[in-house]
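Let me begin by presenting the structure, written as structure tokens, before commenting on it.
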Amino acid sequence: MRVRVLGAVELICDDGTVQRLSRTRRTLLALLAAARGAPVSSDLLVDELWRGSPPATGVNLLHQRVRDLRRALGEDRHRLESRANGYALVGADIDQARFEDLVEQGRASAEAGDHERASMLFDAALGLWTGGAYGAVGESRMIATEAARLEELRLVAVESRAAADLALGRQAAVVGDLGPVVQANPLREGLWLLLMTALWHSGRTAEALDAYQRLFRVLRDELGVEPSKDVRDLHLRILDGDDPEPAPARTHEEIVPRQLPPVVATFAGREDQLTKLDQLVTEDDGRAVVISAIAGTAGIGKTTLALYWAHRSAPRFPDGQVFVNLRGFDPRDALDPLDALGVVLEAFGVERSRQPQDIDGRAGLLRSKLAGKRVLLVLDNARDSEQVRSLLPGSPGCVTLVTSRNRLSGLVAEAGARPMELGLLDDAEAYELLAGRLGKERLLAEPEAVDRIIELCASLPLALSVVAARAATRPAYALADLAEELGESRLDGFGGGRGDIRATFSWSVRHLSEEAARLFRLIGLHPGPTLTVLAAASLAGISRVRVRRLLDELTEANLLTEVAPGRFVLHDLLREYAADLATGEPDPVREEAELRMIDHYVFSARAVHSAYDPHQSHLGTTEPMRDGVTIEVVGDSGEALAWIATQLPVISRVIDVAVGRGIAPDRIVLLVGALERLLDLQGRWIELAALAEAALPGVRRSVSQGGDPAGLGVMHRAAGAACGRLGRVEDALDHLGRALDLAMESADLVAEGKTLHRLATVATASGDHAGAAAYAARAADVFARGGDPIRAAWTTGRLGLYEALDGAYESGLRHCEAALAELRRVAPGYRSEGNVVATIGWIHQQLGAVDEAAGHFDEAVTKLRAAGDLPGLADALGHLAETRAALGKHEDARCARVERDSILAQLG
């Protein structure tokens, strides 16, 4: 059987006939195919099949549909596997898998310069499509998401085929292929660029210029922006009458961030401030604006004003808009300047592993990235001037909006920032805010009630927004009744001042469903700064489908904001209020929720690590995770790194919570252990050291109370590894010495071997190559005795390196070649194989075999780049440059040196 999803979803027999399936069974097949082999829970299948309104017998009906679909699959029925809580379609012949494979092969051929083969592969991939992806099935958010992903990849294939055909001189074919695609996707500038190029190269200059004018009008009318620089440059070349040149296959474009979170559709008042902001932009002097609150009042609308103006003014900043929540008044911890710089640089495509490890280095890199550009930075919720100062770009074309409860006088005095202080809304502005949310007709019908609501909310925008959200979801409810309820909430003992808004929160929470109110209280246990759907599901111990509905209810009540698909934040005051409510939960309920939350991050991190580095065996069987925990599942190393980037700030806080509360020290050990290698390979040594050293007190306290000392060894080893990388040699030796003692006391061979390996790394970095070799030899022997052939082989390779560094080239080469052969036998495709290949190349270089050395370095660079091992890659590139220069390939040598120097600078 073959499954078709690139068109109407169908089940096709070997003879080409199509199996007849009912709409529900076809939708079930589509849902399982969209999961790409991953299991889909029964809850989710029931919810998607019956569009959020499942019958009482939904699970039984699902079982019947699964049986029917298995019958339709015939001899392939075994591919529809039952899982613990759902089903998975495994190993099926699905056309989307063939399509994605062909596209990947086409990309590889294009990068290798084989445009003929690339065109053929892209053409074959596109030939699999018979219509829109996942057609003829029921409505489903999951299917729609997968269909959208495939449609995007389809357009990428169209563009890539056109680029290959242009390189082959097939302009006429490109014009014919792209015409209808451009018409269907008028905002996709890459298609227009290719079409204009093909028309120009065909001698159809007037039509190429006409295409530019059509694109210009579309972008102006739809988005209010101009075409990109690439398109404008091509337009000028055509106008100048330049001779067309063969168009190369397009490479990735520079990232232009568009990060502004959504803002309310209706905005009230603040006209003077909006006008002032407009004026500041026209002055074009690159200074910051500090939007603060009178008397430090929270909830006054600083962020709303900044985002409203930023969205309105986005076309003035074509090079990007970046938003960073500095969390200056977060109840737990603010974002420090180093991390904040890291977030902004990541927005422009500079991975954290490629950033300097100090504030000055990152600030300088950011200024270089922004030089000559027009970028808007919105730095929200700043604590003080020091938190912001290093983030200011200094480029005249850039504008920085800073919001804070404080005035940040230091920033105004030292950096020339312009102050803007917000007060409460006046009655007319408060009325306008409510009218925008509820409609003027509803307000005019009950003027006295409206006045009373404004009075009770003290004209505070956040309080008015919460009340308006409640009223909007109850259109038949009298505003007078709302005002009366809100007035009664004043009797709850919150007092005046800041307590007023807490009373408004109390009133809003009181009207939630019981389940949503419980979830809101439990969210108060989550440390933030962001919360995912699966983390919320784990907190509450319920399914993803159920928690998504509750999160939607909280969002509708304005108690939660979805800042990205599936990621939520709370206003500072709401987080504090939810935390207060959580203290009212019974102790066992709170403790179980916290433990489920911790397990979510522990076992998600372990799953992510396994996806990134499947050959690692130290994440073996342990105590199972608690009931009710839902974990993240990623498909590959790219998704693993993306998860790390977004969740690391949360994980840091989770560790702080666990240590502060004295809970789950064993789980925190697993968490740091799962992250250690990932963070090490990505050069995130500052974060690794911080995590391990933050966890140490809790684990140490656990051991003093009779806990397993092995966990303390894990913490010391992780901290020692990070300190060694950062040049903190004394700290590294102290941590690693303690870790080695603990491993030997407990006869833990794996821990002993890993610690010896780390000690060897620190020793060789200090110039003691003989000592490093001794450590590595011991480690290899320990791993072999412990039945770990991968680590035994890997450490044997390191032994060869240290011997060679000490001058014993022949012995070093024998150990490295033996290690490489063993690695390829027991772990084909092992992520760190490139390091051993590089060592062999270096030894050949020292022995004078330059040709052979260059070949090994070429192979090592390819493997290390794919592995994401930046320190190893930089080292291999340096030696590759030396061998290329020795062979007279001076330009190739220069390119390798430039890349090496860039990586070393970014790693600090």
Of the residues ILE644, ILE668, which is of a type in the set (A, V, I, L, M) and modelled with pLDDT of 85 or more? ILE668
Would you mind stating whether THR297 is out of contact with any Asp or Glu (no Cβ under 9 Å at 6 or more places or on another chain), surrounded by 19 or more Cβ atoms within 10 Å (Cβ to Cβ) and modelled with pLDDT under 80? yes
Got a number for residues in the range 571-591 being outside the structural domain of HIS526 (by TED's automatic domain parsing) and touching a Pro at 6+ places or on another chain (Cβ under 8 Å)? 0
Based on this model, can you work out whether SER82 counts as touching a helix residue (DSSP H, G or I) at 6+ places or on another chain (Cβ under 7 Å) and not aromatic (Phe, Trp, Tyr)? no
Any chance VAL547 is part of a strand (DSSP E or B), on the phi < 0 side of the Ramachandran plot and β-branched (Val, Ile, Thr): no
Can you confirm whether the range 794-805 contains a residue that is free of Cβ contacts under 8 Å to residues at least 24 places away in the same chain, out of contact with any Phe, Trp or Tyr (no Cβ under 7 Å at 6 or more places or on another chain) and surrounded by fewer than 22 Cβ atoms within 10 Å (Cβ to Cβ)? no
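One line per residue, one yes/no per condition, for (1) buried (at least 18 other Cβ atoms within 10 Å of the Cβ); (2) touching a residue at least 24 places away in the same chain (Cβ under 8 Å); (3) among the polar types (S, T, N, Q); (4) within 30 Å of LEU370 (Cβ to Cβ):
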| site | (1), (2), (3), (4) |
| --- | --- |
| VAL402 | yes, yes, no, yes |
| GLU414 | no, yes, no, yes |
| GLU421 | no, yes, no, yes |
| ALA430 | yes, yes, no, no |
| GLU441 | no, no, no, no |
| ARG452 | yes, yes, no, no |
| LEU464 | yes, yes, no, no |
| THR473 | no, yes, yes, no |
| ALA478 | no, yes, no, no |
One residue is enough: does the range 87-104 have a residue meeting the conditions β-branched (Val, Ile, Thr), closer than 22 Å to MET142 by Cα, assigned by TED's automatic domain parsing to the domain that holds ALA136 and out of contact with any His (no Cβ under 7 Å at 6 or more places or on another chain)? yes
Do we have GLY138 as at positive phi, in contact with a helix residue (DSSP H, G or I) (Cβ under 8 Å, 6 or more places away or on another chain) and at pLDDT below 85 here? no
Members of the range 671-697 found to be surrounded by fewer than 23 Cβ atoms within 10 Å (Cβ to Cβ) and either out of contact with any helix residue (DSSP H, G or I) (no Cβ under 9 Å at 6 or more places or on another chain) or farther than 16 Å from ALA640 by Cα (or both), listed by number: ILE686, GLU687, ALA690, GLU693, ALA694, LEU696, PRO697
Exactly one condition in (1) within 26 Å of the chain's Cα centre (by Cα); (2) of a type outside the set (Ser, Thr, Tyr); (3) within 20 Å of ARG188 (Cα to Cα) is not met by LEU126; state its number. (1)
Can you name every one of the helices (runs of 4 or more DSSP H) wholly within the range 764-863 that holds 2 or more residues which are assigned by TED's automatic domain parsing to the domain that holds ARG884 and under 26 Å from LYS889 (Cα atoms)? 833-846
Tell me, which strands (runs of 3 or more DSSP E) lie completely within the range 1-92 with 3 or more residues that are modelled with pLDDT of 85 or more, within 29 Å of ARG154 (Cα to Cα) and touching a Lys or Arg at 6+ places or on another chain (Cβ under 6 Å)? none
With the structure loaded, tell me whether ALA163 is within 23 Å of the chain's Cα centre (by Cα) and either part of a helix (DSSP H, G or I) or in contact (Cβ under 8 Å) with a residue 40 or more places away in the chain (or both) or whether it fails that test. no
Top-ranked residue in the range 341-384 [being assigned to a loop (DSSP other than H, G, I, E, B) and without any contact (Cβ under 8 Å) to a residue 40 or more places away in the chain; ranked as surrounded by the most Cβ atoms within 10 Å (Cβ to Cβ)]: ALA371
Every residue from the range 274-294 that is modelled with pLDDT of 85 or more and touching a strand residue (DSSP E or B) at 6+ places or on another chain (Cβ under 6 Å): ALA288, VAL289, VAL290, ILE291, SER292
Checking the conditions here, which among LEU391, LEU408 is surrounded by 18 or more Cβ atoms within 10 Å (Cβ to Cβ), under 14 Å from ALA293 (Cβ atoms) and touching a residue at least 24 places away in the same chain (Cβ under 8 Å)? LEU408
A careful count of residues in the range 385-415 that are in a loop (DSSP other than H, G, I, E, B), more than 16 Å from PHE323 (Cα to Cα) and touching a strand residue (DSSP E or B) at 6+ places or on another chain (Cβ under 8 Å) gives 4
Within the range 1-55, of all residues that are of a type in the set (D, E, K, R) and surrounded by 19 or more Cβ atoms within 10 Å (Cβ to Cβ), the one farthest from GLU632 (Cα to Cα) is GLU10
Mind checking which pairs have a first residue in the range 885-901 that is assigned by TED's automatic domain parsing to the domain that holds ALA874 and over 18 Å from PRO356 (Cα atoms) and a second that is surrounded by 14 or more Cβ atoms within 10 Å (Cβ to Cβ) and charged (D, E, K, R), Cβ under 7 Å, 6 or more apart or different chains? ASP892/ARG884; ALA893/ARG884; ALA896/ARG884
If you scan the range 726-767, which residues turn out to be within 35 Å of the chain's Cα centre (by Cα), of a type in the set (A, V, I, L, M, F, W, C) and surrounded by 15 or more Cβ atoms within 10 Å (Cβ to Cβ)? LEU726, ALA732, LEU733, LEU736, ALA739, VAL750, ALA751, LEU756, LEU759, ALA760, VAL762
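Residues checked against (1) surrounded by fewer than 14 Cβ atoms within 10 Å (Cβ to Cβ); (2) charged (D, E, K, R):
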site: ASP76; (1), (2): no, yes
site: ARG79; (1), (2): no, yes
site: ALA97; (1), (2): no, no
site: VAL103; (1), (2): no, no
site: GLU111; (1), (2): yes, yes
Looking at (1) out of contact with any Gly (no Cβ under 7 Å at 6 or more places or on another chain); (2) crowded, with 16+ Cβ neighbours inside 10 Å; (3) modelled with pLDDT of 85 or more, which is the only condition ARG149 fails? (2)
Looking at GLU253 and the list (1) modelled with pLDDT of 85 or more; (2) within 30 Å of PHE568 (Cα to Cα), which single condition is not satisfied? (1)
Here are ALA642, ALA658: which of them is without any contact (Cβ under 8 Å) to a residue 24 or more places away in the chain and not β-branched (Val, Ile, Thr)? ALA642
Every listed condition ((1) of a type in the set (D, E, K, R); (2) assigned to a helix (DSSP H, G or I); (3) touching a residue at least 60 places away in the same chain (Cβ under 8 Å)) holds for ARG98 save (3)
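The values are calculated or read from the model by the stated rules, or taken from the named source; none is laboratory data. This structure is a prediction, so every number in the text was calculated from the model and none was measured. Neighbour counts are summed over all protein chains in view; Cβ atoms, including those assigned to glycine, are modelled from backbone coordinates with ideal geometry.
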